[in-house]
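**Q** Dumping the structure here so I can ask a few things about it.
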Amino acid sequence: MKREDFIWTVGFQGNTAVVDKRARRKYGKLTADELIEKGLYRAAFCACLYDEDAQATQRLISRYNAEHDASYSSADELKRLLGVDSLPEDVSKVRLL
């Protein structure tokens, strides 16, 4: 699965990832930090997971906590908050919507 597809996946249907085509086109090439700056936390977190970037994940947690008066401290907590698991291995198709 491509990075841009994972970041903008809105759901799954069997082995098909359903991707937000408009958001992918507009923001697909942005780094995790650029997505954080735009306040696109779910997409930024997906980018951190895909890139395996622990430092960017910590920056995301800090920024989210500061903006939302929260006290999250780990990637696992963000996974639950944002509804993201990890990079799925069984996705063989991508459907753009």
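Every number in this text was worked out from the coordinates using simple rules, so none of it is lab data. A quick note: this is a predicted structure, and the numbers were derived from the prediction, not measured. Quick reminder, even Gly has a Cβ in these numbers, built from the backbone with ideal geometry, and neighbours come from all protein chains shown.
**Q** Excluding residues fewer than 8 places away in the same chain, name every one of the lysines whose C-alpha is closer than 26 Å to that of Lys38.
**A** Candidates past the 8-residue exclusion: Lys2, Lys21, Lys26, Lys29, Lys79.
**Q** Per residue, how much space in cubic angstrom lies within the convex hull of the C-alpha atoms of the chain? Don't skip to the end; give the middle numbers.
**A** Working: hull volume 8.7 nm³, N = 97.
For the chain, the hull spanned by Cα atoms encloses 89 Å³ per residue.
**Q** Normalised by the number of residues in the chain, what is the relative contact order in percent for Cα pairs under 8 Å and 6+ residues apart? The partial results should precede the final answer.
**A** Working: 112 pairs, mean separation 34.5, N = 97.
For the chain, the relative contact order is 36 percent.
**Q** Specify which residue in the list Thr57, Gly39, Leu87 is farthest towards the positive end of the charge dipole of the range 26-97, using unit charges on the beta carbon of Lys, Arg (+1) and Asp, Glu (-1), about the Cα centre.
**A** Gly39
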